[in-house]
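Here's the structure we're looking at; comments come further down.
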Amino acid sequence: KGGREEEDRGESFYPSALPRADEFAQLNIDLLGGFSARKNGHTLTEEIWRRKRTSVLAARLTLGMGSFVDRKTLSEELWPDLDYGKSRKCLYTTLSALRSALGQTKTGPQYILIQADGIALNREYIASDIWRFESLAREVLLSGSAHSLEEIVEDCLKIEQVFRGPLFVPNLGDPSYFVKMRQAYLSKFVDCMTHGVDAALELENTTAALWLVEAVLKYASTREDVIRSAMKTFDLCGRRREVVELYNSHLHYLEKELACAPESETRLAYESIINRTKRMAML
């Protein structure tokens, strides 16, 4: 018996008793353009999640950006029709299912962190497209003169690659927080793209400007500053017919949906392009 105890104690110091390397594989939880999760490059399929609310909990914690989210907040959002006592029990079960889906073990990395009544994802082992998006957006929108025009364009092109679509919104529980964040991320994306277009045009990089314009028009084809950036870019690229089509389409939208006229800045920008084109044609 004594020998067996010595053997047990000794085994814990050998590499064979340590967690396998694949247990430390980094997880990716992406929410832009839909929910997806990967571990070590392999997609975690729907079968792994078992319960739908497991993936919703993963998405909600990802939106927490690595900070702790209160259990009561999670319970109210995921089970809005239950009292707190019952929803807290459901959260406990779903949290266990999430640990299982992520492959968390006692000896491996702790993907989920608990602190008092708060729950968070461990950013040491988990990556996300929205975290990458936020980092790049801060560089573009908040760096000011510390960021060169070339760096702004480069970061905006990276943002365009990261932003695969609007933020994932679940179809169960109370999705109002996801809906609010979807709009916030979309607005931030548009702001970044317009900054990128302006920087690219200042650098006379019409290829990058056109790429960013076409990306932003997919999500904000009626925003006035986007319309102006697009018209300016199309004009410099010699695509004046698209200037006319875009402006007329915008006029139709404003008249039909909002019963109003475009901003004077937008109208003047269009007239400047058209009048210059007419003068060139006459010459």
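The values are calculated or read from the model by the stated rules, or taken from the named source; none is laboratory data. In this text the structure is predicted, and so the values were computed from the model without any measurement. Glycine also receives a Cβ, built like all others from the backbone with ideal geometry; neighbour counts cover every protein chain displayed. The area values use the complete protein model at the heavy-atom level, side chains included, leaving out ligands, DNA and RNA. Shrake-Rupley method; radii C 1.70, N 1.55, O 1.52, S 1.80 Å.
Could we say that residue 180 is at pLDDT 95 or above and either open to solvent by 30 Å² or more (accessible area, probe 1.4 Å) or not in a helix (DSSP H, G or I) (or both) here? So residue 180 fits the description; yes. Filtered by the rule that a residue be more than 20 Å from the chain's Cα centre (by Cα), part of a helix (DSSP H, G or I) and not small (Gly, Ala, Ser), region 108-151 gives 149, 150, 151.
Quick check: anything in region 236-254 assigned to a helix (DSSP H, G or I), open to solvent by less than 60 Å² (accessible area, probe 1.4 Å) and in contact with a Cys (Cβ under 8 Å, 6 or more places away or on another chain)? Yes, some residue in region 236-254 is assigned to a helix (DSSP H, G or I), open to solvent by less than 60 Å² (accessible area, probe 1.4 Å) and in contact with a Cys (Cβ under 8 Å, 6 or more places away or on another chain). Residues in region 49-70 that are open to solvent by 20 Å² or more (accessible area, probe 1.4 Å) and modelled with pLDDT of 95 or more: 68, 70. Filtering region 99-127 to residues that are open to solvent by 10 Å² or more (accessible area, probe 1.4 Å), modelled with pLDDT of 90 or more and hydroxyl-bearing (Ser, Thr, Tyr) leaves only 125. Every condition in (1) at pLDDT 95 or above; (2) assigned to a helix (DSSP H, G or I); (3) surrounded by 14 or more Cβ atoms within 10 Å (Cβ to Cβ) is met by residue 161 except one, and the failing one is (3). Candidates 193, 231: the one that is aliphatic (A, V, I, L, M), surrounded by 13 or more Cβ atoms within 10 Å (Cβ to Cβ) and more than 21 Å from residue 141 (Cα to Cα) is 231.
Of all residues in region 166-177, those satisfying the criterion of being surrounded by 14 or more Cβ atoms within 10 Å (Cβ to Cβ) and not in a helix (DSSP H, G or I) are 166, 167, 168, 169, 170, 173, 174, 175.
In region 197-228, of all residues being assigned to a loop (DSSP other than H, G, I, E, B) and in contact (Cβ under 8 Å) with a residue 40 or more places away in the chain, the one that is surrounded by the most Cβ atoms within 10 Å (Cβ to Cβ) corresponds to 205.
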